[in-house]
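Structure, as structure tokens:
The values are calculated or read from the model by the stated rules, or taken from the named source; none is laboratory data. Keep in mind that what you see is a predicted model, and the values were worked out from it rather than measured. Glycine gets a Cβ as well: all are built from the backbone with ideal geometry, and neighbour counts include every protein chain shown.
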Amino acid sequence: MSQFPSNSQLTVDIRSPGVTGEAQAWVQPLVDKLVAEQVASALANQDPTLWGPQAQPEAARRLAWVALPETSRPLLATIEALRADLRSDGIDRVVLAGMGGSSLAPEVICATAGVPLTVLDTTDPGEVADALAGNLERTVLVVSSKSGTTVETDSHRRVFAAAFARAGLDPAAHLVVVTDPGSPLQQIAEAEGYRAVITADPNVGGRYSALTAFGLVPAGLAGADIASLLDDAAQQSPLLAADDPANPALRLAAALAAGHAAGAEKVVLADTGSGILGFADWAEQLIAESTGKEGTGLLPVVVQNPAAPGFADAGEDATPVAIGPRMASGPPGRASVATSGTLGGQLLLWEHAIAVVGRLLGINPFDQPDVEASKVAARAQLKDAAGHKPAFVDGDIAVHPVGDWLPTDVATLRDALRALVTATPQRGYLAVQAYLDRVADASAAVLRTELARRTQLQTTFGWGPRFLHSTGQYHKGGHQNGVFLQLTGAVEEDIPVPGTGFTLGALQQAQALGDADVLAARGRPVLRLHLLDRAAGLVALMHALQEPGAPVSQEHR
């Protein structure tokens, strides 16, 4: 088993230039209030009344995560036995089909432990084809879905089962399922005799499931030392349950909530030497889905490194948070935060802190009321096979404004981009959503840095449909001040999804169009750029951003 890097004890450091005494006057009143109300111990005791009567029914069945460092231990023997059984049959390549909490936590755990895990949280045919090109005889597909009906994950299951059969293999011997008890996926797996079905605690929501079977099964099968992960978390549990001003979860929650009250509705996350790989991507879902609702919330902005635009130069609408020992210098009177500790401790810290932020913001941190809208719209788009005519084509890019926000005289890519940035409201943000291959089209991620640098707007980047299970909730339920740049691309070789009547490429397109329709219905400007040639289109898009007259710094911030 691969070990995790060891760090010092869990800490949260808060600083604010221009405020005496390490921002005590800024954050301390909220910390003292939380201590006086005994919020930490009530959370540790799974008290569902912490978020008010409206949230209580949901909270009552969503708090088992606080005890997972202990209650998940029986899984260790099950996972180790399954891993040994697979390896005895020469199966040592782990591919994970999962979305949101079913993929983000295992990816962080495995990356940090340095063990290989192929993650499929995409509907891009090219990315799925690359995973299919591996040695199928040595491959186990872990199909991970809490509901058992996740369309992306079910599509991966169908595609891989067919591929195993074509390779002369017994699909059931190469399929492992992780799901909630009684789900449709469990029923399918048991009826078809899949190699293993491991059920998770149904009283844990997806984004709080890192230490359940959803996080531990794929990571353990891949070779991560999940026992030490649980040990790390268990060691920090008493600290996080303490009604004490030194409780790091209370300090982190107070800093984020007090920042929000002062107008810092965005949280900019950068790794500053934590030794934990990809942690901000996991935290992004936790923050966005837990807080982004009822017109409020915290928008997580993940940046590539602490030197990237939007972190050290965060404006008054953002709190920079370092994952690691070094922090940014925030604006005068505002806090900057740094969190340090082991992976297990950090997972538990952020789960506790964001649950407490929900209480401070007056929202239910355990529901996601706006996620279903995009799923419904995507299903409608799948049924409507009609083409979508662009407003115009500029070289290798077809330009599709969604809604009527784009001026009718705009006829170039450069001017369309400029119009989108100009449409950003005061204190708004720009979201880049790339329904592309995050391996072959990885250069698309550079757009976040370039747009943030040129526009001085806080800019997020998400791979679609992955982000729909993460920041997608915030985009529709949080502060309604975002503008959206969607990227879709031509598909060279599509993959039919057996038994469905659609292809992966059609599903990917439907998900993009469906989400765009939902955003436009909420009055948000959406600009979809369809890359007729992906590589050439990405180059042309970068050139358009660098032309004279392209989007430049706005006075909105």
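Data for the structure
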{"read-out": "Index of the failed condition, residue 527 passing every other in (1) within 29 Å of residue 102 (Cα to Cα); (2) buried (at least 24 other Cβ atoms within 10 Å of the Cβ); (3) aliphatic (A, V, I, L, M)", "value": "(1)"}
{"read-out": "Helices (runs of 4 or more DSSP H) within segment 417-530 that include 2 or more residues among the small types (Gly, Ala, Ser) and closer than 25 Å to residue 375 by Cβ", "value": "472-477, 504-521"}
{"read-out": "Residue list for segment 167-188, restricted to those being among the acidic types (Asp, Glu) and touching a Lys or Arg at 6+ places or on another chain (Cβ under 6 Å)", "value": "180"}
{"read-out": "One residue from 391, 380, 386 being modelled with pLDDT of 90 or more, among the hydrophobic types (A, V, I, L, M, F, W, C) and farther than 30 Å from residue 58 by Cβ", "value": "391"}
{"read-out": "Residue in segment 21-65 that is modelled with the lowest pLDDT, counting only those that are more than 15 Å from residue 360 (Cα to Cα) and touching a strand residue (DSSP E or B) at 6+ places or on another chain (Cβ under 7 Å)", "value": "22"}
{"read-out": "Residue match in segment 88-100 (condition: part of a helix (DSSP H, G or I), in contact (Cβ under 8 Å) with a residue 40 or more places away in the chain, over 11 Å from residue 219 (Cβ atoms) and not assigned by TED's automatic domain parsing to the domain that holds residue 287)", "value": "no"}
{"read-out": "Any hit, segment 469-485, residues being outside the structural domain of residue 289 (by TED's automatic domain parsing), surrounded by fewer than 18 Cβ atoms within 10 Å (Cβ to Cβ), modelled with pLDDT of 95 or more and basic (Lys, Arg)", "value": "no"}
{"read-out": "Failed criterion for residue 141 (all others in (1) more than 21 Å from the chain's Cα centre (by Cα); (2) surrounded by fewer than 20 Cβ atoms within 10 Å (Cβ to Cβ); (3) not in a helix (DSSP H, G or I) hold)", "value": "(2)"}
{"read-out": "Odd one out for residue 431, checked against (1) under 19 Å from residue 534 (Cβ atoms); (2) touching a residue at least 12 places away in the same chain (Cβ under 8 Å); (3) not acidic (Asp, Glu)", "value": "(1)"}
{"read-out": "Yes/no for residue 78 being in a loop (DSSP other than H, G, I, E, B), assigned by TED's automatic domain parsing to the domain that holds residue 174 and either of a type in the set (Val, Ile, Thr) or touching a helix residue (DSSP H, G or I) at 6+ places or on another chain (Cβ under 9 Å) (or both)", "value": "no"}
{"read-out": "Members of segment 64-87 that are under 15 Å from residue 225 (Cβ atoms) and in contact (Cβ under 8 Å) with a residue 24 or more places away in the chain", "value": "69, 72, 73, 75, 76, 79, 80, 83"}
{"read-out": "Candidates 280, 249, filtered to the one that is without any contact (Cβ under 8 Å) to a residue 60 or more places away in the chain, under 17 Å from residue 340 (Cα atoms) and outside the structural domain of residue 480 (by TED's automatic domain parsing)", "value": "280"}
{"read-out": "Any hit, segment 423-436, residues being among the aromatic types (Phe, Trp, Tyr), assigned by TED's automatic domain parsing to the domain that holds residue 510, in contact with a helix residue (DSSP H, G or I) (Cβ under 8 Å, 6 or more places away or on another chain) and buried (at least 23 other Cβ atoms within 10 Å of the Cβ)", "value": "yes"}
{"read-out": "Residue match in segment 187-198 (condition: in contact with a Leu (Cβ under 8 Å, 6 or more places away or on another chain), among the aromatic types (Phe, Trp, Tyr), surrounded by 22 or more Cβ atoms within 10 Å (Cβ to Cβ) and free of Cβ contacts under 8 Å to residues at least 60 places away in the same chain)", "value": "yes"}
{"read-out": "Unmet criterion (only one of (1) of a type in the set (A, V, I, L, M); (2) over 28 Å from residue 151 (Cβ atoms); (3) surrounded by fewer than 23 Cβ atoms within 10 Å (Cβ to Cβ)) for residue 111", "value": "(2)"}
{"read-out": "Lone unmet requirement of (1) closer than 30 Å to residue 339 by Cα; (2) modelled with pLDDT of 95 or more; (3) part of a loop (DSSP other than H, G, I, E, B) for residue 409", "value": "(1)"}
{"read-out": "Selection status of residue 531, in contact with a strand residue (DSSP E or B) (Cβ under 6 Å, 6 or more places away or on another chain) and closer than 22 Å to residue 393 by Cβ", "value": "yes"}
{"read-out": "So residue 336, is it under 28 Å from residue 230 (Cα atoms), modelled with pLDDT under 95, more than 15 Å from the chain's Cα centre (by Cα) and of a type in the set (Ser, Thr, Tyr)", "value": "no"}
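Table: residues versus (1) closer than 23 Å to residue 448 by Cβ; (2) among the hydroxyl-bearing types (Ser, Thr, Tyr); (3) without any contact (Cβ under 8 Å) to a residue 40 or more places away in the chain; (4) in contact with a helix residue (DSSP H, G or I) (Cβ under 7 Å, 6 or more places away or on another chain).
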{"position": "497", "(1), (2), (3), (4)": "no, no, no, yes"}
{"position": "510", "(1), (2), (3), (4)": "no, no, no, yes"}
{"position": "513", "(1), (2), (3), (4)": "yes, no, no, yes"}
{"position": "522", "(1), (2), (3), (4)": "yes, no, no, yes"}
{"position": "525", "(1), (2), (3), (4)": "yes, no, no, yes"}
{"position": "532", "(1), (2), (3), (4)": "yes, no, no, no"}
